[in-house]
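Engineer: One structure, pasted below without further comment.
The values are calculated or read from the model by the stated rules, or taken from the named source; none is laboratory data. Computed from a predicted structure; not experimentally measured. Positions of Cβ are backbone-derived with ideal geometry, glycine not excepted, and every protein chain shown enters the neighbour counts. These accessible areas exclude ligands, DNA and RNA; they are computed on the full protein's heavy atoms, side chains included. Shrake-Rupley method; radii C 1.70, N 1.55, O 1.52, S 1.80 Å.
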Amino acid sequence: MTFPWLTFLGLLPLVGGVLLFLPMGRGAARTLGLVFSGVTLAVAIAVTALHVGGADLAVQVPWIRAFGAWWALDVDGMGLAMVLMTAVLTPIVLLAEWEPPAMRWSAQAFFALVLILEGLSLFVFMANDVLLFYLFFEATLIPTYFLIVGFGGVRRSYAAVKFLLFSLAGGLIMLASVVGVYVVGAAQGVPSYLVSDLAAVRFDGDLGRWLMLGFLIAFVVKAPMVPLHTWLPDAAEHSTPGTATLLVGVLDKIGTFGMIKLCLGLFPEASLWITPFMVWFAVISIIWGALGAIGSRNLMRLVAYTSVSHFGFMVLGIYAFTTASMTGSIFYMLNHGFSTAAMFLVVGFMAKRTGSYDIAAYGGVQKVAPVLAGVLLVSGLATLSLPGLAPFVSEFMVIAGTWTRYPVVTAVSIIGVVLAAVYILRMYQRTMTGPVTDETAARFTGRDLTGIEKAVMVPIIGVLLVLGFYPQPAVQLVEPTAKATLAYVGTTDPAPVVKGAK
Amino acid sequence: MILLETIAEPVAATGMFTWAWTMIAVPAIVAGLLLLAGKLSDAWGHLVATAAVFWSFAIAVCLFAEQLLAPATERAVAAPAYTWFSVGEWTFQVGLLVDQLSILFAMLITGVGGLIHVYSIGYMSHDPRRRRFFAYLNLFIAAMLLLVLADNYLILFVGWEGVGLASYLLISFWQHKPSAAAAGTKAFVMNRVGDLGMLMAISTMLAMFGSSKFTEVNAGAASTEPMWATLIGLFLLLGACGKSAQVPLQAWLLDAMEGPTPVSALIHAATMVTAGVYLVVRSHALFEAAPTAQMAVIIVATVTLLAGAWIGTSQDDIKKVLAGSTMSQIGYMMLAAGIGPAGYAFAIFHLLTHGFFKANMFLGAGSVMHGMNDDVDMRHYGALSKVMKVTFLTFAMGYLAIIGFPFFSGYFSKDHIIEAAFADNTFIGVCALIGAGITAFYMTRLMLMTFFGEKRWQPGVHPHESPKVMTIPLIILAILSVGAGIVLNFWIQEWLAPAVGNHPHELSLVPTPVGWMTMAVVALGVVAAWLVFGRSSIPVTAPATNNPITLAGRNVLFGDQVNDFLFVSPTTALATGIDTTDARGIDRMVDGGAQAFGGLSTQMRRLQTGYARSYALTMVFGALVVGAVLILTQLG
């Protein structure tokens, strides 16, 4: 038997997290955490190299034979993209939260929880068995809950409970479908939870639709879509920037990931049935999230709302069922992880100096802290999808791909592009430009970004630039997932209207 | 005259053309370097940046020379760089197209850009952030070159957004001033509205032709359904309106004057704002397939050329007069572009001459401001012709060029447009003619208020001539303002014919009837301005007036008020409403649910202690339920 790379990859950070519960010095704990996340990243890169090289990495061991549950892990382009994103963001987040807020739990606990969350998330993205997926999906709630409640802002308990309630409610509904899927499969002679086995099962008619809805509702809560998004701004506002990064950048991706892998991958017919509804809901999310961002007076809420808008684009691309739009959505899932991380972490650096996330607390920062301002601007430009930075490529693919099927829907959705310019540049204008306020002078003079803070931002902005100028390798990595999904669902791209043009 | 109906396929790049990409890469890399190097490069950054632009200019000139030597069918050269990305059936190359049209732009951008870099060395010498200024200027040059040299619409759009960014950064360069910061944001957001048009146009092209390459789009344009051809045309027009400050997306341009004056000269007069004209001319095959879209271009252009001129008559800020004038002149170019094959070459002709004389006058205005302690109010000027001789003389050349004084450059380019307008539609022709008269009026007003009359200088202001590093670019641009027209007049139509498919026709130096009429109207405008502003003294503060025409002009035709009413206020109201809905509406419902859950958890707490653990228990319990159910189904 070959080396179980994927199991090893997921276990590494879990082991690191558990080790960190042993008593040790603060310095040792942080070093240990960073080492484990670094090694995980190295293994993730090795796994990518193996996958690109054509190696079969699938792990498939019977787990609970009684109901066909398997310890089954595998990665495709989309899974690998998510794995890489998680593995890159974790050490960055650890570095950014080198000094967790005072008066809260210890840095050691933070590092431990982040590593555990990383391991569980990796397993979610690699799970190839529906029950396994579900268990890890629910398990991620535990470290996240403690990350919010242990390190967050003033109303952290409220935000954490709200997050938990939304997620648990979604998870419970999904549980019903998880059970149902098995029942239907067993009835058709496939008593298995393997995704590949279940793909052969026909979930037709009303039953299929109900089962699909069970999954979809959980994923819609996760990849927050209006009107089930309200937990996100609160959770982001009352957690630390590092937690918010992992929450929005990594965990919420499970929503869109699950839509492609499970909703479309198991219920093609029901997914086509729900399409008109999802497309319009995506558009509503795009506009609603953007307007919410414009109305936000708190920086963390603003970033959270931009994500609601961007998740709208991802969902739109998925349910437009074209190669370009779905590839764009998956690529967007990757890019959004980095652009959101950039925003949350810079905002965190600002708040570290002033103790406030209120936009009104800032003014004229550019003059005294130009590097900080520049980094915020670049992060903002990535968020508003400026060409040259990665999110543009994915947003364009979603827009152009969706346009070939639904021009009117697309035309409405891209109002979000204008609103993006409004929420980013108004925020930048209010915080960074204008005369230097007394508060700014006192807090920021001589306190531009530190070495560690620059070390945090350089890789994120680097990724955004590299994928902006040379997206081809990443696009080629994730495109097969989109193609396979579309082939399974049975849709084909609309051909160019003008014949003989190409 | 050769009529080339079919556009020759571009030939592959060889020799010098393989260097074309360095035109873009060198200024882009220098921009990045200067921004990253920080204070280390303060001492020499501006010199490197200027050298970078001259490098691009040198390459552009060499390429132009090679094109001149090549036969007409082999002048368009394709230079692909790499595959940006490909998805499904779509492939997007980062590729350049150096043809007769783009090379003229490249030379204008780098030539005028180079002069403005030199000028800025002097103009920005006392600014502590000069290095950053030059980095942004280089960023602009790189993006603008990408815009005009791209061989497909998506890469064009990358440049399009890049110049938008550079424009934003430079308008709000002095961002400690709230007005400058607000102006930058406004410009970017209004441009984004235009970008919607670009995105929709490119998406439609992909849906129609499966490609956004110029060659593919042009090839398919004629067989596109009229409705879609019209829509693409209108989408492109929306994009052009944003970038080129055409009505209804004009309101940002006057505020953009908050930027340093060299920026106004380079970006908001000579180059970037003409991108819309480039876009329409570049997309001529599409517009020819969509007469309705062409008509829309003509209407927008005519309205803008009159609106800009109107604004120019009533502003007291010298830069805002010039900005109104820029709007108006771009209106002329758009008009020519909208007319179709008879106008393309003249649109580009006027674009080039305008690039020279408007850059000349903006830099001249900068020189005046430099001598007047950065005061921009013309009511505080007067009699400057005596103390700023070089500035005055060079400015005068620009003035004569823009009003269309015989044999100055504007005379050729604008008269052709007015003539083409008359040939197309008499009403449009009359509007263009009236525009020429108003142009003469407001430019004469500007000249009289700035350089003639009595001194109205504020206390403590001692006007002086600017240093050589600023006046030499002025002199070069003045020479171009005088001579570019006659040099290009007999050449440009045939040169551009293969690229834009225009129909060259004979030109002569003897004015036509329309030409005589234009001269008469221009003379009328000059005399009218002299009667109003030349004979009597100018009040130091703008006199109160109830004249609705003046009031509208002073208020920039109430563009801001209209936008506020139609867009800004509703958006703000909606944003506030959503904040409330999320917090009070949706959340109230959810909190109700939470209380129900809370009740449940209270029950749990009887067994356990603490919130988190009870939820953890819920989960464990849930997992057990799963197991139980599964086993039960298995048994059943």
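Engineer: Is it the case that A:Asp493 is of a type outside the set (Val, Ile, Thr), in a loop (DSSP other than H, G, I, E, B) and at the interface with chain B (Cβ under 10 Å from one of its Cβ atoms)? Reasoning before the result, please.
Structural biologist: Details: of a type outside the set (Val, Ile, Thr): yes; in a loop (DSSP other than H, G, I, E, B): yes; at the interface with chain B (Cβ under 10 Å from one of its Cβ atoms): yes.
Spelling it out, A:Asp493 is indeed of a type outside the set (Val, Ile, Thr), in a loop (DSSP other than H, G, I, E, B) and at the interface with chain B (Cβ under 10 Å from one of its Cβ atoms).
Engineer: Separate question: Please state which of the following conditions A:Ala42 fails to meet, knowing it meets all the rest: (1) in a helix (DSSP H, G or I); (2) in contact (Cβ under 8 Å) with a residue 24 or more places away in the chain; (3) open to solvent by 10 Å² or more (accessible area, probe 1.4 Å).
Structural biologist: (2)
Engineer: While we're on this one: For A:Gly292, only one of the following conditions fails: (1) surrounded by 22 or more Cβ atoms within 10 Å (Cβ to Cβ); (2) away from chain B (no Cβ under 12 Å). What is its number?
Structural biologist: Going through (1) surrounded by 22 or more Cβ atoms within 10 Å (Cβ to Cβ); (2) away from chain B (no Cβ under 12 Å) one by one, A:Gly292 breaks only (2).
Engineer: Just checking, which of A:Arg26, A:Arg30, A:Arg65 is over 30 Å from A:Ile461 (Cβ atoms), at pLDDT below 95 and among the basic types (Lys, Arg)? Before the answer, list the steps.
Structural biologist: Numbers: A:Arg26 fails: over 30 Å from A:Ile461 (Cβ atoms); A:Arg30 fails: over 30 Å from A:Ile461 (Cβ atoms).
Of A:Arg26, A:Arg30, A:Arg65, the one residue that is over 30 Å from A:Ile461 (Cβ atoms), at pLDDT below 95 and among the basic types (Lys, Arg) is A:Arg65.
Engineer: Does B:Ile267 satisfy the criteria of being hydrophobic (A, V, I, L, M, F, W, C) and more than 14 Å from chain A (Cβ to nearest Cβ)? If you could, list the steps in order and put the result at the bottom.
Structural biologist: On the way: hydrophobic (A, V, I, L, M, F, W, C): yes; more than 14 Å from chain A (Cβ to nearest Cβ): yes.
For B:Ile267, the condition - hydrophobic (A, V, I, L, M, F, W, C) and more than 14 Å from chain A (Cβ to nearest Cβ) - is met.
Engineer: Take residues that are among the hydroxyl-bearing types (Ser, Thr, Tyr), closer than 12 Å to A:Gly242 by Cβ and more than 13 Å from chain B (Cβ to nearest Cβ) and tell me which of the helices (runs of 4 or more DSSP H) falling wholly in region A:70-177 contain 1 or more.
Structural biologist: Numbers: elements: A:77-96, A:107-126, A:130-139, A:141-151.
It comes to A:77-96.
Engineer: Mind listing just one residue for me: the one in region B:214-253 that is of a type in the set (D, E, K, R) and more than 23 Å from B:Gly164 (Cβ to Cβ) and, of those, least open to solvent (accessible area, probe 1.4 Å)?
Structural biologist: B:Glu216
Engineer: Look at region B:176-223 and say how many of its residues are of a type in the set (Ser, Thr, Tyr) and within 27 Å of A:Val412 (Cα to Cα). Steps first, answer last, please.
Structural biologist: Taking region B:176-223 as the starting set, the residues that turn out to be of a type in the set (Ser, Thr, Tyr) are B:179, B:185, B:203-204, B:211-212, B:215, B:223.
In the following step, the residues that additionally are within 27 Å of A:Val412 (Cα to Cα) were identified as B:185, B:203-204, B:211-212.
Number satisfying all stated conditions: 5.
Engineer: Got at least one residue in region B:151-159 being at the interface with chain A (Cβ under 10 Å from one of its Cβ atoms), open to solvent by 10 Å² or more (accessible area, probe 1.4 Å) and over 21 Å from B:Ser86 (Cα atoms)?
Structural biologist: Of region B:151-159, the ones at the interface with chain A (Cβ under 10 Å from one of its Cβ atoms) are B:154-155, B:157-159.
Pick out the ones that are also open to solvent by 10 Å² or more (accessible area, probe 1.4 Å) and you get B:158.
After this cut, where a residue has to be over 21 Å from B:Ser86 (Cα atoms) as well, the list is none.
No, every residue in region B:151-159 fails to be at the interface with chain A (Cβ under 10 Å from one of its Cβ atoms), open to solvent by 10 Å² or more (accessible area, probe 1.4 Å) and over 21 Å from B:Ser86 (Cα atoms).
Engineer: May I ask you to say which residue of A:Ala342, A:Ala361 is modelled with pLDDT of 95 or more and either charged (D, E, K, R) or over 22 Å from B:Ala573 (Cβ atoms) (or both)?
Structural biologist: Numbers: A:Ala361 fails: modelled with pLDDT of 95 or more.
None of the other options fit; the residue is A:Ala342.
Engineer: Residue by residue through region A:178-193, note down the ones that are out of contact with any Leu (no Cβ under 8 Å at 6 or more places or on another chain) and more than 9 Å from chain B (Cβ to nearest Cβ).
Structural biologist: Initially, region A:178-193 is screened for residues out of contact with any Leu (no Cβ under 8 Å at 6 or more places or on another chain), giving A:183, A:186-189, A:191.
Result: A:Ala187, A:Gln188, A:Gly189.
Engineer: For region A:394-408, give me each residue that is open to solvent by 10 Å² or more (accessible area, probe 1.4 Å) and of a type in the set (A, V, I, L, M).
Structural biologist: A:Val408 - this is the single residue of region A:394-408 that is open to solvent by 10 Å² or more (accessible area, probe 1.4 Å) and of a type in the set (A, V, I, L, M).
Engineer: Given the criteria part of a helix (DSSP H, G or I), of a type in the set (A, V, I, L, M) and buried (at least 24 other Cβ atoms within 10 Å of the Cβ), does A:Ala186 qualify?
Structural biologist: Values: part of a helix (DSSP H, G or I): yes; of a type in the set (A, V, I, L, M): yes; buried (at least 24 other Cβ atoms within 10 Å of the Cβ): no.
Spelling it out, it is not the case that A:Ala186 is part of a helix (DSSP H, G or I), of a type in the set (A, V, I, L, M) and buried (at least 24 other Cβ atoms within 10 Å of the Cβ).
Engineer: Moving on to the next point. So which of A:Ser239, A:Ser196 ends up being more than 14 Å from every other protein chain (Cβ to nearest Cβ), in contact (Cβ under 8 Å) with a residue 12 or more places away in the chain and open to solvent by 10 Å² or more (accessible area, probe 1.4 Å)? Full working, then the answer.
Structural biologist: Working: A:Ser239 fails: open to solvent by 10 Å² or more (accessible area, probe 1.4 Å).
The unique qualifying residue is A:Ser196.
Engineer: It is to be established whether one or more residues within region B:325-342 are over 16 Å from B:Ile298 (Cα atoms) and either surrounded by 24 or more Cβ atoms within 10 Å (Cβ to Cβ) or not β-branched (Val, Ile, Thr) (or both). I'd like the intermediate steps shown before the answer.
Structural biologist: Here is the first cut: in region B:325-342, the ones over 16 Å from B:Ile298 (Cα atoms) are B:325-326.
With the extra rule that they be either surrounded by 24 or more Cβ atoms within 10 Å (Cβ to Cβ) or not β-branched (Val, Ile, Thr) (or both), the set shrinks to B:325-326.
Yes, because at least one residue in region B:325-342 is over 16 Å from B:Ile298 (Cα atoms) and either surrounded by 24 or more Cβ atoms within 10 Å (Cβ to Cβ) or not β-branched (Val, Ile, Thr) (or both).
Engineer: Also: From the list B:Gln67, B:Gln93, which one is on the phi < 0 side of the Ramachandran plot, within 14 Å of chain A (Cβ to nearest Cβ) and either touching a Ser or Thr at 6+ places or on another chain (Cβ under 8 Å) or in a helix (DSSP H, G or I) (or both)? It would help to see each step written out before you state the result.
Structural biologist: Values: B:Gln67 fails: within 14 Å of chain A (Cβ to nearest Cβ).
The conditions single out B:Gln93.
Engineer: All but one of (1) within 10 Å of another protein chain (Cβ to nearest Cβ); (2) open to solvent by less than 50 Å² (accessible area, probe 1.4 Å); (3) part of a helix (DSSP H, G or I) hold for A:Val498; which doesn't?
Structural biologist: (3)
Engineer: In addition: Please enumerate the residues belonging to region A:474-485 that are within 13 Å of chain B (Cβ to nearest Cβ), over 27 Å from B:Val217 (Cα atoms) and surrounded by fewer than 21 Cβ atoms within 10 Å (Cβ to Cβ).
Structural biologist: A:Pro480
Engineer: Looking only at region A:477-502, which residues are touching a helix residue (DSSP H, G or I) at 6+ places or on another chain (Cβ under 8 Å) and without any contact (Cβ under 8 Å) to a residue 40 or more places away in the chain?
Structural biologist: Keep residues of region A:477-502 that are touching a helix residue (DSSP H, G or I) at 6+ places or on another chain (Cβ under 8 Å), which gives A:477-483, A:485-486, A:488-494, A:496-498, A:500-502.
A:Thr492, A:Pro496, A:Val497, A:Val498, A:Gly500, A:Ala501, A:Lys502, listed by residue number.
Engineer: Among the listed residues A:Ala341, A:Ala373, A:Ala382, which satisfies the condition of being within 23 Å of A:Thr86 (Cβ to Cβ), within 13 Å of another protein chain (Cβ to nearest Cβ) and open to solvent by less than 10 Å² (accessible area, probe 1.4 Å)?
Structural biologist: After applying the criteria, what remains is A:Ala382.
Engineer: For region A:409-420, state whether one or more residues are within 19 Å of B:Ile202 (Cα to Cα), crowded, with 24+ Cβ neighbours inside 10 Å and either under 20 Å from the mean Cα position of the chain (by Cα) or more than 8 Å from every other protein chain (Cβ to nearest Cβ) (or both).
Structural biologist: yes
Engineer: Next question. Among the residues of region B:165-176, write down those that are more than 8 Å from chain A (Cβ to nearest Cβ) and either polar (S, T, N, Q) or open to solvent by 10 Å² or more (accessible area, probe 1.4 Å) (or both). Steps first, please.
Structural biologist: Filtering region B:165-176 down to residues more than 8 Å from chain A (Cβ to nearest Cβ) leaves B:166-167, B:169-171, B:173-174.
Correct list: B:Ser167, B:Leu169, B:Trp174.
Engineer: Return the total of residues in region B:401-426 being over 15 Å from B:Met517 (Cα atoms) and over 24 Å from the mean Cα position of the chain (by Cα). Reasoning before the result, please.
Structural biologist: Filtering region B:401-426 for residues over 15 Å from B:Met517 (Cα atoms) gives B:401-402, B:407-410, B:413, B:424-425.
If we keep only those that are over 24 Å from the mean Cα position of the chain (by Cα) as well, we get B:407-408, B:424-425.
Residues meeting the conditions: 4.
Engineer: Here is a follow-up. Given the structure, is A:Lys454 in a helix (DSSP H, G or I), within 11 Å of another protein chain (Cβ to nearest Cβ) and either at pLDDT 95 or above or under 29 Å from A:Ala81 (Cβ atoms) (or both)?
Structural biologist: Values: in a helix (DSSP H, G or I): yes; within 11 Å of another protein chain (Cβ to nearest Cβ): no; either at pLDDT 95 or above or under 29 Å from A:Ala81 (Cβ atoms) (or both): yes.
So A:Lys454 fails the test.
Engineer: Just one of the numbered conditions (1) in a helix (DSSP H, G or I); (2) within 10 Å of chain A (Cβ to nearest Cβ) is not true of B:Leu145; which one?
Structural biologist: Tallying (1) in a helix (DSSP H, G or I); (2) within 10 Å of chain A (Cβ to nearest Cβ), B:Leu145 fails exactly one: (2).
Engineer: Further question on the same structure: Does A:Glu118 meet the test of being under 21 Å from A:His238 (Cα atoms), within 16 Å of the chain's Cα centre (by Cα) and either among the acidic types (Asp, Glu) or open to solvent by 10 Å² or more (accessible area, probe 1.4 Å) (or both)?
Structural biologist: The answer is yes for A:Glu118.
Engineer: When B:Met198 is evaluated against the numbered criteria (1) more than 9 Å from chain A (Cβ to nearest Cβ); (2) under 17 Å from the mean Cα position of the chain (by Cα); (3) more than 30 Å from A:Pro370 (Cα to Cα); (4) open to solvent by 10 Å² or more (accessible area, probe 1.4 Å), which criterion, by number, is the only one it fails?
Structural biologist: So B:Met198 meets the others, but not (4).
Engineer: Note down all Cβ pairs under 8 Å where the first residue falls in region A:217-231 and is more than 9 Å from every other protein chain (Cβ to nearest Cβ), the second is open to solvent by less than 10 Å² (accessible area, probe 1.4 Å) and among the charged types (D, E, K, R), and they're at least six residues apart or on different chains.
Structural biologist: As it stands, the answer is A:Lys222/A:Asp252; A:Ala223/A:Asp252; A:Ala223/A:Lys253; A:Pro224/A:Asp252, since those pairs meet every condition given.
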